[in-house]
Amino acid sequence: MHNQYSICLVSACLVGLCTRYDDQSKADYDCLDQIKKTNWIPVCPEQLGGLPTPREAAYIVGGDGQDVLAGKAKVLTKSGIDFTVEFIRGAEQVLQIARS
């Protein structure tokens, strides 16, 4: 249940902002329907972590998100660019926004 002070953080690309790695707008209409009657703030962890848009797509290599945080896996592009630090920084920024 949401009250007037509840705020949802929503991935900026899911609400149709051009923050995806490929600079495209790909709104998720199920997401938009779910947040219709809420107060929400769009966030882009990748941009908050310092990555530009557009950028090369990146993938977790060697595990999952927990492994990235534990230093056991990396976030790499197909060409081998390591975005691990930026992804972790972006996640930390979103957590800080959520806590505030």
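Tell me, what is the FRET efficiency for residue 38 and residue 69 to the nearest 0.05, using R0 = 35 angstrom and their Cβ-Cβ distance as r? Numbers along the way, then the final one.
On the way: r = 28 Å, r/R0 = 0.80.
That pair, residue 38 with residue 69, gives E of 0.80.
Where nothing but the Cβ of Lys and Arg (+1) and of Asp and Glu (-1) is charged, how large is the charge dipole of the chain around its Cα centre, in debye to the nearest 20? Please report the intermediate quantities before stating the final value.
On the way: 10 positive and 12 negative charges, 37 e Å.
That gives the chain a dipole magnitude of about 180 debye.
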Between [x] 33, 18, 10; [y] 26, 17, 11; [z] 19, 15, 14, which entry matches semi-axes √(5λ) of the Cα gyration tensor in Å as derived from the coordinates of this structure? [y]
Ignoring any ligand, DNA or RNA, what whole percent of the accessible area of the chain comes from carbon and sulfur when the probe is 1.4 angstrom? 53 percent
Mean accessible area per residue over the stretch 1-86 (1.4 angstrom probe, all protein chains present, square angstrom) is 67 Å²
Nearest 10, in degrees from 0 to 90: the angle of helix 84-99 to the longest Cα principal axis of the chain is 20 degrees
Place +1 on the Cβ of every Lys and Arg and -1 on the Cβ of every Asp and Glu in the stretch 19-100, take the dipole about the Cα centre, and give the residue among 41, 51, 85 whose Cα lies farthest towards its positive end. 41
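The values are calculated or read from the model by the stated rules, or taken from the named source; none is laboratory data. Source: prediction; values computed, not measured. When we count neighbours, we look across all protein chains shown, and the Cβ atoms used for this are built from the backbone with ideal geometry, even at glycine. Only protein heavy atoms, including side chains, enter the accessible area calculation; ligands, DNA and RNA are left aside. Shrake-Rupley method; radii C 1.70, N 1.55, O 1.52, S 1.80 Å.
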